[in-house]
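Scroll down for the structure; my scribbles are underneath it.
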There are 2 protein chains.
Amino acid sequence: MKIIIIGGVAGGATAAARLRRSDEQAEIVLIERGPYISFANCGLPYHISGAIAERGKLLVTTEAGFTARYAIDVRSRTEALSIDRAHKTVTLRNLDSGEETVESYDRLLLSPGAEVLKPPIPGIGSPRIFTLRNIPDLDRIMASLGENKPRRAVVIGGGFIGLEVAENFHDRGLFTTVVEGASHILPPFDDEMAAIAHAHMREKQVELYLGDKVDHFEDRADHTIVFLASGKRIQADIIILSIGVRPEVKLARDAGLELGAIGGIKVDEHLRTSDPAIFAVGDAIEVVNKVSGKTALIPLAGPANRQARIVADNMLAADPSACKKYRGAMGTAILKVFDLAAACTGLNEAAVQALGIPYRASITHSGSHASYYPGSQQISLKLVYGLDGRVFGAQAIGIDGADKRIDVIATAIKAGMTVDDLADLELAYAPPFGSAKDPVNVAGYVASNVLDGSHDIIGWSELRDILRDAPDTIELIDVRTPEEYAIASLPGARNIELNQLRKRLGEIGRGKPLVVFCQVGLRGYVAYRILKQSGFDEVSNLTGGFKTYAWATEKQSNPDLFDYENIRQLDPAEIASRLHG
Amino acid sequence: MKIIIIGGVAGGATAAARLRRSDEQAEIVLIERGPYISFANCGLPYHISGAIAERGKLLVTTEAGFTARYAIDVRSRTEALSIDRAHKTVTLRNLDSGEETVESYDRLLLSPGAEVLKPPIPGIGSPRIFTLRNIPDLDRIMASLGENKPRRAVVIGGGFIGLEVAENFHDRGLFTTVVEGASHILPPFDDEMAAIAHAHMREKQVELYLGDKVDHFEDRADHTIVFLASGKRIQADIIILSIGVRPEVKLARDAGLELGAIGGIKVDEHLRTSDPAIFAVGDAIEVVNKVSGKTALIPLAGPANRQARIVADNMLAADPSACKKYRGAMGTAILKVFDLAAACTGLNEAAVQALGIPYRASITHSGSHASYYPGSQQISLKLVYGLDGRVFGAQAIGIDGADKRIDVIATAIKAGMTVDDLADLELAYAPPFGSAKDPVNVAGYVASNVLDGSHDIIGWSELRDILRDAPDTIELIDVRTPEEYAIASLPGARNIELNQLRKRLGEIGRGKPLVVFCQVGLRGYVAYRILKQSGFDEVSNLTGGFKTYAWATEKQSNPDLFDYENIRQLDPAEIASRLHG
């Protein structure tokens, strides 16, 4: 058995190792266009700031080490030019010598990955514009940082990689701007959740331009001007383009392999392409989103690794009945956004809405561990679920413990659990690690109450629309303390502190629907229960409380620390001190 | 509806709040023998060191605050003396005035908790011996610490509370000894996992006496001598007795309520006692262990809270068909052991063995996040599973991220997942938070391989027995590097580095079964695959590697920093500096 694998990073290298462990006799050839196999692509941004100080740490496996351990014929700096499916051969070019060779295969695995989108924006060829996808890209960025000593960085695209790059530029001491065409960064998150990251990044002195796109770039002698569609201009010393990726499908397309409707290589549940001898994994393939059942591109390392393990077994399987099934991915992901972690799994509210599925969504803010033990940090958790209780997705943002709660909910979604099951989960509790009622339990409790009719909630955007369009149609009650109310409240809200509510029911008119709210939603729920049992028929409680509403609707402004046009005249130490306080 | 709740901590207070939210009209009386309701019993040990500096923080809810919010008749310092089931009344005594009253009920909830075991050991009445279960206990300990300035603490019992107390004594600067009658501390853990905590605690200069019991205590003028069954003596300035708890069932027993076989109050799946008007929750009841199906006592705060929520609904339910079922607990738990977290869920190997169920157990050591990103810490993870792949339980110990992995596995166990499902979980990955192959995935991979016959493992204790009783019956190969081998290896092991193995197969005899091992198990697995495919029929790989074997079998010695008999002559600052380095 001779196997060729095209693409030597996550999917390809993992499959190669698994193939060897399963078959000591197979001839395995691993082709990689770049100079390194199995490098830590997820770690690249962190070398910019020095968080990962040694470049060598990014080279997880060396070619020599991999060959020694797995007896694999590794060929880096080698491009696969074409596949001859009839004769089962691949034409390869050594990118150093230019030499072309033809290599036969019994089984072929495509793991080519994805390429960075680079739209034809005028000026995009500027030498100050970079992308970041591999080690050579990183080397170019590091060289530019060393040589040109940029003071001001602009990142085009507020997705995961863009934000990681922005954070690391900032940590290196550059004043950093993120330009995002959508209304919020963090595409897998809903508005009000991403708004938490907006506020945090601006606090960190990162500038955000949201809902704005690049019109064109213009190079000047010592900087480049980014012209936005809004007419705004941003001076940049270095620019990273990070607006997304698309599957690398040229080789597959040229070979006549079937592509899917959304542009990836089409594979069956055994990860086999339309040619039975050719398999594919990783960012280049289309997969099924496990939650929605729809076809999706999910360019993440975790799914690529699991696909690689399955495909290796299937490539060696005697027949399809012995093959393992890949059941799809659900897009569980996490991002460090400065001090925050933003994690998500499954579908967000916008996605469920777009599918037209009836759903409910509730937001809770809970401590990462018992409040009386030092260091407890708030986790904001949004849960999206069906009317039958099935969990569709979740988003969590917080300084500590967001990863844990999303991993638990990702496991629950895989198991087809309901919100009642989340309420009933028995999670590890001691004061330094959690609460007797974990944030996941609390989210499950709230959702259970919503679904069994014992708690009617209203979302921030629905309430915003009412307050804007017809504020007189509801009576709005803030059940927080007078002290909290005095600091800030919603327009038109009357303050009746929860602990006074039973005594002051007579003050509340019975003509209009009531909307109650507190800071995070818990006191509002208790107030809701009192009111509903006191003859008020139409009551709802603002989910996520005033906190979520304020985050979601706040007019946030960019930091204003710099004379942008003259930033190059500033001392770098001065920039760093203004950025980091 | 008039409801009396006896016991105002976790279960009782939670039920009271839920009852009020569900029924604004009910008369609810909450009886608490102690001076405080709803205090943070799990936080008590942390006040000893000052980690929780303010005593007031432990009083989560004040009586006044609870009454104001929930309109509940709270009576602390009140003891329930007896229940008259025929007349549905409870006789109460006010512990301050001595006044006795009779209160009627429609529904009664028992949440009396558990009491500390205090066996009749000679000398146990010493004024230097304390227990820690509530705020008055803590106040007594704090008073003794302040007045007597103890230098040397002895904790009897290496369970969770005992270890928390030991850590906090140590952090306060006392030289601390733990005496445990079993062969290891951390009762829910297996030997080799608890051994990690032994090594860590001794490194922290905590003294451990394992497999030894107290024979008697003898008071001296300024200290107490703890005499152990082994004949050893320990000088103590302060002693905490923490050998376990038993359900508080006196009230229930006197009232003729049915008790279970293992000493707790017997309840049905609706948490109703043998009297239909009386319900019970918390540490005092017997529950079903969800994994084993056996009756168990699980005195933990998480289950008590969930029981409270369910019982509140059931107490108000019109009839049994409207009642919610409590399906039992699985003993998910976690403990901070100095810098480590030790977390577990479900059944350990010893428990599965005792049940006589066929099983396999494997141990992996993985990084808490990507190794190339700073701060990655090793997590040791033991997985116990059935031959059909069903996960029975897991134990994780590490500096970072053990809690997350156990919560994920607890969720998986609740869902009835298999080890294949663990391999397939899609968990949140970015370098600061995890790995593309999360430790849970890795544990699933290893277990899948074990079950599908592609990986034969041997446990440390089985190998230890072979090496002790019949070392010549196997050939032992250490596939680590010569450098690792030179530092330490197993007796009789020959070193053939993994990357040399294919070339050196001829050196290996074919007469005996082979046992291979590496540091953690991964290289051993690759070696296993090479050997099995090279004509060696009987091969097994040491699960958990040399690391687990060494931990489990190491003869660990206690720290030897002090002249115990003269410790009172030492300067406290001197003790602290020797303890904390």
Practice item. Starting from the Cα of A:D219, move 7 Å in the Cα-to-Cβ direction to define the label point; list residues of region A:90-134 whose amide nitrogen is under 17 Å from there. Key: A:121-131
Revision key, fill the gap. If each K or R counts +1 and each D or E counts -1, the residues other than B:V267 whose Cβ falls under 10 Å of its Cβ total -2
**Study point:** In order through region A:258-265: 3J(HN,Hα) via Karplus (6.51 cos²θ - 1.76 cosθ + 1.60), integer Hz, x for Gly, Pro
**Key:** 5, 9, x, 5, 9, x, x, 5
Revision key, fill the gap. Residues A:F66, B:F517 in order from fewest to most other beta-carbon atoms within 10 Å are A:F66, B:F517
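Hey, fewest Cβ within 10 Å first, where do B:C518, A:C344 land in order?
The most exposed by this proxy come first: B:C518, A:C344.
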Review point. Under a point spin-label approximation (7 Å from Cα along Cα-to-Cβ), what is the B:T62-B:E258 distance to one decimal in nm?
Key: 4.5
Exercise for review: Enumerate the amide H contacts of B:G544 below 5 Å, restricted to partners 5 or more residues apart or on another chain; note that Pro and chain-start residues carry no placed amide H.
Suggested key: B:I363
Review point. For chain A, what proportion of DSSP beta bridges, expressed in % and rounded to the nearest 5, is antiparallel?
Key: 55
Point to revise | Separation of the B:A71 and B:T295 label points, Cα + 7 Å toward Cβ, nm | key: 4.1
Review point. Which net charge results for the neighbourhood of A:F517, defined as the other residues with beta-carbon distances under 10 angstrom from its beta-carbon, given Lys and Arg at +1 and Asp and Glu at -1?
Key: +2
**Study point:** Rounded to 10°, Cα long-axis angle of helix A:10-22 versus longest principal axis of chain A
**Key:** 60
Check your understanding: Check B:F279: other-chain or 5+ apart residues with amide H under 5 Å from its amide H, H built from backbone geometry?
Key -> B:L108, B:L109, B:L110, B:T273
Review point. Could you give the distance between the Cα centres of region A:426-505 and region B:198-260, to the whole Å?
Key: 47
Point to revise | Ellipsoid semi-axes in whole angstrom, largest first, where each is sqrt(5λ) of the Cα gyration tensor of the protein assembly as shown | key: 51, 41, 29
Check your understanding: Dividing the convex hull volume of the Cα atoms of region A:143-251 by its residue count, what figure in Å³ per residue is obtained?
Key -> 125
Point to revise | Cut-off under 5 Å, modelled amide H: who pairs with A:I37 long-range | key: A:E63
Practice item. Using the 7 Å Cα-to-Cβ label point, sort the distances from A:A182 to its equivalents in the other copies shortest first and give them in nm to one decimal. Key: 5.0
Review point. Alpha carbon centre of region B:38-104 versus region A:510-529: separation in Å?
Key: 29
Check your understanding: How far is helix B:522-532 tilted off the main Cα axis of chain B, in degrees rounded to 10, range 0 to 90?
Key -> 50
Review point. Residue-wise, which Karplus ³J(HN,Hα) couplings in Hz belong to region B:482-495, taking 6.51 cos²θ - 1.76 cosθ + 1.60, θ = phi - 60°, and x for glycine or proline?
Key: x, 5, 5, 4, 5, 5, 6, 8, 8, x, x, 6, 9, 9
**Study point:** Sum of side-chain charges, B:A182 neighbourhood, beta-carbon under 14 Å (Lys, Arg +1; Asp, Glu -1)
**Key:** -3
Check your understanding: Looking at this model, which pairs from A:K382/A:K547; B:K512/B:K532; A:K290/B:K290 are more than 18 angstrom apart at the alpha-carbon?
Key -> A:K290/B:K290
Review point. Put the label 7 Å from Cα along Cα→Cβ for A:P120; what are its distances to the other copies, in nanometres, shortest first?
Key: 9.6
Exercise for review: Work out from phi, with θ = phi - 60° and the Karplus expression 6.51 cos²θ - 1.76 cosθ + 1.60, the ³J(HN,Hα) of each residue of region B:25-40, listed in order in whole Hz, and give x for Gly and Pro.
Suggested key: 9, 4, 8, 10, 10, 10, 9, 9, 5, x, x, 10, 9, 6, 7, 7
Review point. Which whole-number percent gives the relative contact order of region B:339-451, counting Cα pairs below 8 Å spaced six or more residues apart?
Key: 30
Review point. What's the angle, to the nearest 10 degrees (0 to 90), between helix A:301-316's Cα axis and the longest principal axis of chain A?
Key: 40
Review point. To the nearest 20 debye, what is the magnitude of the charge dipole of region B:460-542 about its Cα centre, counting +1 on the Cβ of each Lys and Arg and -1 on the Cβ of each Asp and Glu?
Key: 320
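Out of every Cα pair in region B:47-113, what percent are spaced more than 13 Å from each other?
I get 74 percent for the Cα pairs in region B:47-113 exceeding 13 Å.
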Review point. How large is the charge dipole for region A:339-451, taken about the Cα centre, if only the Cβ atoms of Lys, Arg (+1) and Asp, Glu (-1) carry charge, to the nearest 20 debye?
Key: 160
Review point. If we hang a label 7 Å off Cα along the beta carbon direction at B:G375, how far is it from the matching labels on the other copies, in nm, shortest first?
Key: 1.0
**Study point:** Only Lys, Arg (+1) and Asp, Glu (-1) charged, at Cβ; the protein assembly as shown dipole about Cα centre in debye
**Key:** 520
Review point. Of B:S376, B:A470, B:P559, whose Cα points farthest to the positive end of the dipole of chain B (charges on the beta-carbon: +1 Lys, Arg; -1 Asp, Glu; origin at the Cα centre)?
Key: B:S376
Review point. Taking every DSSP beta bridge that has both residues in the protein assembly as shown, what percent is antiparallel when rounded to the nearest 5?
Key: 55
Point to revise | Cα point-scatterer Debye curve for region A:339-451, base-10 log of I(q)/I(0) at q = 0.09 Å⁻¹ | key: -0.21
Exercise for review: Provide B:Y549, A:Y359, A:Y528 in ascending order of the number of other Cβ atoms located within 10 Å of each residue's Cβ, fewest first.
Suggested key: A:Y359, B:Y549, A:Y528
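Taken together, the values in this text are just the output of simple stated rules run on the coordinates, not laboratory data. Please read these numbers as outputs of a predicted model, since none were measured by experiment. Ideal geometry is used to build each Cβ from the backbone, glycine not excepted, and the neighbour counts take in all protein chains shown.
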